[in-house]
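Here's the structure we're looking at; comments come further down.
The values are calculated or read from the model by the stated rules, or taken from the named source; none is laboratory data. Predicted model, so just to flag it, every value in this text is computed and none were measured. All Cβ positions, glycine included, derive from the backbone under ideal geometry; neighbour counts span all protein chains shown. Heavy atoms of the whole protein, side chains included, go into the accessibility calculation; ligands, DNA and RNA do not. Shrake-Rupley method; radii C 1.70, N 1.55, O 1.52, S 1.80 Å.
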Amino acid sequence: MREAIEFLKNALIFEGLEERDFARISACGVRKTYQKGDVIVRAEESGSALFVIIQGEVKIVRNGDDGREVVLNILGPNDVFGELSLLDGEARASSVVALEAPELFTIYRKDFLALLNEYPSIAGSMLKTLARRVRKAESMIKSLSRKDAYHRVGFVLLQFADERGHIRNGKVEIDDLPVRQEIAKLAGTTRETVSRTFGRMERFNLITVLGNTVIVQDYESFRQKFI
C-alpha cells in the first residue's frame, strides 16, 4: 500500500491532495506491467480508463496516410494518458504503445468519475495537463514545419531536456533517451539522419553522447539555437 501511495504522490494529476486521500485513490485502480511493443489502447476504441505511468515509457502514435507510424509524444513516469476520451466518452484519437516494459496504474471510468466528484481539484490538475500538451503540440507543429531536419532533431532534443533533463555542473543531462528511431519519428525524419545530426552536434561541442544519455553542454545557447 505504501509503495502505491508514493507513486501516486508524484503524479501531477493528483497534486495538491492530502496524505489521507491517496489510500482512497490507490484502492480505485489496478497495476499492470506491459511488454515492449504491446498496444495498450488503440485508436478508435472507446475510452474506458485513465492510465498513470509508474515506470517505463509509452509512445502516442497515429498511422499516417502512407501507413507509416507517426509518433506524437513519448510519456514517462508520473505522466497520465487516456483522460480526454475518458471524460467525453468519444473514441480515442491515437494509439498508445509500450516502450521499455512500462508499469501502469489503471483507473476505470466509473471509479475515476467518482473520484472527480469527491476531489474536484483533480479536474483542475487535468486542465493544466491538457493545457501543457496543447502548448507542446503547437510547438511541435511549428518545429516540424521547418524544412531543416537538423533543427527539427534539435528541437525534439530540447523537449527531452526540458521534460526529463537534470542540471549537473551547469550542463543538462538527459538520461534514458529514447532510441534513435523513436526520436526520428518525433522529428519527422530518419534514424540515420538523427545519428548524423548527433554527430554534427558533438563536433560543434553542443552535446556529448554517452550511450542513451545525452549531455547538453550549454542549455541556454542550445535553446536559442533550436527553439
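Along the principal axes of its C-alpha atoms, what lengths does the chain span, in descending order and rounded to whole Å?
54, 45, 30
Ignoring ligands, DNA and RNA, what percent of the accessible area of region 51-101 is carbon or sulfur (1.4 Å)?
Details: 1010 of 2240 Å².
Carbon and sulfur: 45 percent of the exposed surface of region 51-101.
Protein chains only, probe 1.4 Å: how do ARG135, ARG203 rank by accessible area, largest first? All intermediate terms of the calculation are to be shown ahead of the outcome.
Numbers: ARG135 135, ARG203 180 Å².
Largest accessible area first, the residues go ARG203, ARG135.
If exposed GluC sites (Glu not before Pro) are those in a DSSP loop with at most 16 other Cβ within 10 Å, what is the longest stretch of the chain that has none? Write out the running numbers ahead of the final one.
On the way: sites that count: GLU15, GLU18, GLU44, GLU45, GLU90.
After excluding every exposed loop site, the longest remaining stretch is 91-227.
At 1.4 Å probe size, with the rest of the protein present, what percent of the exposed accessible area of region 157-227 is carbon and sulfur atoms? Write out the running numbers ahead of the final one.
Numbers: 1740 of 3810 Å².
The computed percentage sits at 46.
For the chain, what does the helix formula give at 222 nm: sum of -39500 (n - 2.57) over DSSP H segments with n ≥ 4, over the residue count, nearest 500 deg cm²/dmol?
Numbers: 9 runs with 102 residues, N = 227.
So the helix-based figure for the chain works out to -13500 deg cm²/dmol.
Among the trypsin sites (Lys or Arg not before Pro) within region 13-92, which fall in a DSSP loop and have no more than 10 other Cβ atoms within 10 Å of their own Cβ?
ARG68
For LYS225, which aspartates and glutamates qualify as cross-link partners when the Cα separation must be under 19 Å and same-chain residues fewer than eight apart are set aside?
Result set, ordered by chain and number: GLU138, ASP148, ASP162, GLU163, GLU173, GLU202.
For region 148-189, how big is Rg over Rh, using alpha carbon atoms and the Kirkwood form of Rh? Before the final figure, lay out the partial values.
On the way: Rg = 10.8 Å, Rh = 10.8 Å.
With Rg and the Kirkwood Rh in hand, the quotient comes to 1.01.
If you fit an axis through the alpha-carbon atoms of helix 121-144 and take the longest principal axis of the Cα set of the chain, what angle between them do you get, 0 to 90°, nearest 10?
20 degrees
Scale the Cα Rg of region 110-227 by the rule-of-thumb value 2.2 N^0.38 Å and send over the ratio, two decimals.
On the way: Rg = 17.2 Å, N = 118, 2.2 N^0.38 = 13.5 Å.
That ratio works out to 1.27.
Could you tell me which of LEU157, PHE112, SER125 has its Cα farthest along the dipole of region 106-173 towards the positive end, charges placed at Cβ (Lys, Arg +1; Asp, Glu -1), taken about the Cα centre?
Going by the charge dipole, the pick is LEU157.
By how many nm would the segment from ASN212 to GLU44 lengthen if fully extended, with 0.36 nm per residue of separation less the alpha-carbon distance? It would help to have the intermediate numbers written out before the result.
Values: separation 168, 0.36 × 168 = 60.48 nm, distance 3.35 nm.
Net length gain for the segment: 57.1 nm.
Probe of 1.4 angstrom, ligands and nucleic acids ignored: what's the accessible area per residue over region 1-95, in square angstrom?
On the way: 5020 Å² over 95 residues.
With all protein chains present, region 1-95 gives 53 Å² per residue.
Output the relative contact order of region 107-204, whole-number percent, from Cα pairs under 8 angstrom with separation of 6+ residues. Mind dumping the intermediate values first?
Working: 50 pairs, mean separation 19.0, N = 98.
Taking the mean separation of contacting Cα pairs over the length of region 107-204, I get 19 percent.
Tell me the relative contact order for the chain as a rounded percent, counting alpha carbon contacts under 8 Å between residues six or more apart.
Details: 362 pairs, mean separation 42.5, N = 227.
About 19 percent, as a whole number.
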